[in-house]
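Written below as structure tokens is the structure these notes are about.
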Amino acid sequence: MTATTVDDRIVAAGTETQWQLIWGRFRRHRLAVFSGIVLILLYLSAALAEFIAPQDPHAFNARFTFAPPQSINLLDRNDEGRLIFRPHVNGYAVEVDPVALRRTFVTDPEEKIPLRLFGKSEPYRLMGFIPMQHKLITVEDSRTPLFLLGADRLGRDVLSRLIHGTRISLSVGLIGVIMSLVIGLVVGGLSGYYGGLFDLIVQRVIEFLRSLPTIPLWMGLAAALPRDWDALAIYFAVTIILSLIGWTELARVVRGRFLALKTEDYVTAARIDGASDLRIVMRHMVPAFTSHIIAAASLAVPGMILAETALSFLGLGLQAPIISWGVLLQEAQNIRAVATAPWLLWPGAAVIVAVLTMNFLGDGMRDAADPYAQ
Amino acid sequence: MTPRETAIALEPADQSAAVPAPEVADEILAIVDLETHFTMRRGNLKAVDKVSLSLRAGDTLCVVGESGSGKSVTARSILNIVKPGRIVGGRISFKPGDDAPIHLSDLDPYGPAIRAVRGGHISMIFQEPMSSLSPVHTIGSQIIEAIRLHQPIEKKEAREQAISLLKQVQIPDPEIAVDRYAFQYSGGMRQRAMIAMALANKPKVLIADEPTTALDVTTQAEILKLIKSLQRDYGMAVLFITHDMGVVAEMADHVAVMRDGKVLEYGDVDQIFSRPQHPHTQDLIGAARLMESGPAAKVAGTLSEEPILQVRNLNLAFGTTHGMLRRHRAVVHALRDVSFDLRAGEALGVVGESGSGKTTLARCLVGLYKVDSGSAMFTRGDGSTTDLCGRGGFGDRSLYTEIRMIFQDPFASLNPRMTVEQIVAEPMIVNRACPKSELRSRVADLLESVELPADVMDRYPHAFSGGQRQRIGIARAIALNPRLVLADEATSALDGSLRAQVLDLLLKLRSRLGLSFIFISHDIGVIRYFCERMAVMRRGEIVEIGPSQSICDNPQHAYTQELLAAVPRADPKQSRLRG
């Protein structure tokens, strides 16, 4: 009581909207703001994957099987021996172990492969429809190797595959959450607003769904997918499977908010204004918890990403030629591959970064969601 | 600089110099130039600004002020429990008789030295006993813990002490009650248990922070009496925080009036009440006495004999089920054969303590609850009658344009996501009562009629104080030119002078718009001030109904008499606890 009156005296103007208050609070959560920026970059690179990825993710080259990552050198000596700015990578020299007959790559300091920003490349379509023929980083001669994060067992560029995998993995999370949000909002909203028998049944169904062990359930559902579906259909089927289970959490959040808001005086006031149920919900109740829902949804995205990764890792989710972080990690399943080519674990790092930043962002949003709480 | 600090700087110097701390011989607690600040998003809030108070042994000092005046923070500063605030200046000295004084403000707020004082020499009771008591421990174990924190005795002995403490605070069957939980106690019993806990170590000073504000008036009278008699037995000094001048007159030996973190006036209780010096003190006393007399402003216009509402034999019972198989059904009769008439233009007050069914009655009349039986025939503007409690009564939503409601809590009843304009315009939009182009000017008119400037329209509710918010709620209620207004504890969340201002505003609107009112309150003074007639409710029944003045002057029913006797008078000469 005292705290509120105290605040009243200070907020002289009071014309800040709720969103301005939320933004003000969110901005003070440094980690969340930083995570937000990282996530924006991640999603940008997912959207612009063709442009950012130096190579075609499916292009293979048997000469560079398990080639290690190259490092970018920014400076070079020109013909007179002076240092100049000329970014380049070094080429590979292959040494063959005479006993084990194992080929190993060493960097060849003599071979310098200059890099170019926005250089010309094979023509491609950005996001599938914008024709372009420039990429962020290119090499002059397309036959020279460029493997900034190394190559996999078929000599494909891990970095390019990782960037393309970002697109699938992040969109699975987002689309899956949006689908579960729709189901959760409708079911949870009806359940919370009308209550009664419907609420009772819905809650028992949710409890049942949540009591199912998820991995076997996914496995069962994924195994039920017909083998002859194409990759895209499987992709959509997997997101649907994930959201069919993921909606329960969001439905509970929505129901809880409805239950809490239903008894608020200002909702009763709206009812006494003679407002219809639809108007009460849309005008008075939904704005009160959109921020909570956004926060809950953003906390649900990493769960989806992890679930997709887990499914694909087990070989039940997405299948090659679709590239996702889980599919990429499948490559790193055997210990020998990891021992000889630890760079195959980079997709794992991407998963960790994405999940952590989303959790931090969701935390920050949840704290900011109720700007009136002290 | 915050706007508020500017305001302080502009105050004349002689006023901000406040009242000098009096030097007293048997002083037990001295507060000198205390400053407690809170760091807020927009600067520093001086919640307590150079406050000096002095408490004598065995004496009662009442600190009175409206909400936000800094009275609670002052009390909390004594025990240094002001997080997230900070004590930035001044000195609080506790002088336990022969020993050297302890300077409480210099102690580490987490250190053992101050912990020995808290609950030992100085204990505190709070407004909300339910949230101050642990729900998962028995009352007894909480008292025993309080005892054993300060005294090296065995659990068994402490338990004996706990039982005798409960006996002292007049809890029936203390041997059984000691093993009960907080939720099994009523509000008054919880506060008694809190007092028992506070007394566990025979403190020299008891700080009571609005201990009776959450209680019904009859319970309040009992608790005040209990504190007074325990104070005598233990020889404690009591620092009593309240906003209620009536309680001050009952309890105080000395009074400090606070506003905006400053002590405006300090003095003997008789002197404060008979010769208040500061205008704010005069306002507070005036507002309290206003509610003790009959209605000051008479409503213009004559009352018609035509009833606008005829309520007949309303019955409503809430069933609660217990046990695994839902076998036991305990039935609470919220309304029992409630009948009354309301004439057009009349204000009927409904008074009763919590649980008397008065709010249920209001909710039935606006269709939020369905009654079990009975009818409420409402005469509409066009002369037809509708049964408000009948089937489909409020199926016709246009009924809501004629019957409106004002809510108790000005903080909860306004949507924080909507601007003032949207809030006030909402009923007109919903009922298509006003063309879109004229909406804004209509809202401006309405705001003006509740005495708010029209340029606040684009602000959000969080920018307003409680009184201003209640005005916005009133503007919303009258937006549709209603004929009947139900005010459910409309002024209970406001204190002192604000309450009087809002009541006067409602009186003005009543005569201007010809409104009929059903005014629900636990405060018989408010009802007497506002309503021509009153109905006294108890356990769902109307026990007495009649003209306000004659009920107050000559109550017939025993319960009404008890209710009236329990109301503290803002006059120390009429105090029943003194002498």
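By its C-alpha gyration tensor, with a ≥ b ≥ c as the square roots of the eigenvalues, how is the protein assembly as shown shaped: rounded for a/c under 1.5, else prolate for a/b larger than b/c, else oblate?
Prolate, since a/c reaches 1.5 and a/b exceeds b/c.
Any idea how far apart A:ARG28 and B:ASN44 come out in nm if each label point goes 7 Å out from Cα toward Cβ?
Here the modelled spin labels are 1.8 nm apart.
Looking at the P(r) of chain B, how many percent of alpha-carbon pairs lie beyond 45 Å?
23 percent
For A:GLN333 and A:ILE130, what is the calculated FRET efficiency with R₀ set at 22 Å and r taken between the beta-carbons, to the nearest 0.05?
0.05
For an R0 of 56 angstrom, estimate the FRET efficiency from the Cβ-Cβ distance between B:ARG440 and B:ASP33 and round to the nearest 0.05.
Efficiency computed from Cβ-Cβ geometry: 0.65.
Sort A:63-74, B:206-217, A:214-225 by the packing proxy (mean of other Cβ within 10 Å over each peptide's residues), most packed first.
Most protected by this proxy first, the peptides run B:206-217, A:63-74, A:214-225.
Be a star and scan region B:345-377 for residues whose amide nitrogen sits under 17 Å from the point 7 Å along the Cα-to-Cβ vector of B:ASP387.
What the label zone holds, given the 17 Å backbone N cut-off, is B:364-377.
Whole angstrom only: what separates the Cα centroid of region A:261-307 from the Cα centroid of region B:448-498?
The two parts, judged by their Cα centres, are 25 Å apart.
Where in region B:345-378 does the label zone of B:ARG312 land, with the point 7 angstrom along Cα→C-beta and an amide N cut-off under 15 Å?
So the set is B:373-378.
Take the Cα of B:SER274, step 7 Å along the line toward its Cβ, and report every residue of region B:246-263 whose backbone nitrogen sits under 14 Å from that point.
none
Please give the direction-averaged projected area of the C-alpha convex hull for chain A, in square nanometres with one decimal.
Average of the hull's projected areas for chain A equals 27.5 nm².
Only four residue types carry charge here, +1 at the Cβ of Lys and Arg and -1 at the Cβ of Asp and Glu. Report the dipole size of region A:74-149 about the Cα centre in Debye, rounded to the nearest 20.
Using Cβ point charges on Lys, Arg, Asp and Glu, region A:74-149 gives about 400 debye.
Under 29 Å between alpha carbons, and skipping anything fewer than 8 positions from B:LYS508 in its own chain: which lysines qualify?
Cα-Cα hits under 29 Å: B:LYS298, B:LYS358, B:LYS436.
Taking the simple approach of a point 7 Å from Cα along Cα-to-Cβ for both B:SER354 and B:ASP372, what is their distance in nm?
Each label point lies 7 Å from its Cα, and together they span 2.4 nm.
Can you pull out the GluC sites (Glu not before Pro) in region A:81-153 whose DSSP state is coil and whose Cβ has at most 14 other Cβ atoms within 10 Å? Show your work: numbers first, answer last.
Working: sites: A:GLU95, A:GLU110, A:GLU111, A:GLU140; in loops: A:GLU140.
For GluC sites (Glu not before Pro) across region A:81-153 that sit outside H, G, I, E and B with at most 14 neighbouring Cβ atoms in 10 Å, the list reads A:GLU140.
If you filter region A:303-373 for chymotrypsin sites (Phe, Trp or Tyr not before Pro), then keep DSSP loop positions with at most 14 other Cβ within 10 Å, what is left?
A:TYR372
Hey, what's the Cα Rg ratio for region A:49-156 versus the globular rule of thumb, 2.2 N^0.38 Å? Numbers along the way, then the final one.
Working: Rg = 15.7 Å, N = 108, 2.2 N^0.38 = 13.0 Å.
Ratio of Rg to 2.2 N^0.38 Å for region A:49-156: 1.20.
Measure off 7 Å from each Cα along the Cα-to-Cβ vector at A:ARG102 and A:LEU197, then give the distance between these two points in nanometres to one decimal.
Label at A:ARG102, label at A:LEU197, 7.0 nm between them.
If I stretch the segment between B:ARG148 and B:VAL88 completely, what's the gain in nm (0.36 nm per residue apart, minus their alpha carbon distance), one decimal?
Length gained, B:ARG148 through B:VAL88: 18.3 nm.
Under 28 Å from the Cα of B:LYS573, which lysines turn up, not counting those fewer than eight places away in the same chain?
Straight-line reach from B:LYS573, under 28 Å: B:LYS71, B:LYS204, B:LYS225, B:LYS228, B:LYS262.
Between the alpha-carbon centers of region B:175-228 and region A:137-180, tell me the distance in whole angstrom.
Region B:175-228 and region A:137-180 have Cα centres separated by 69 Å.
Rounded to the nearest 5, what is the percent of antiparallel bridges among the DSSP beta bridges in chain B? Don't skip to the end; give the middle numbers.
Details: 53 of 90 bridges.
Just about 60 percent of them are antiparallel.
Readers should treat all values here as calculations from the given coordinates under stated rules, not as data from a laboratory. Only a predicted model underlies this, so the values are computations on that prediction, with no experimental measurement involved. FYI the Cβ positions are ideal-geometry reconstructions off the backbone, even for glycines, and counts take in every protein chain you see.
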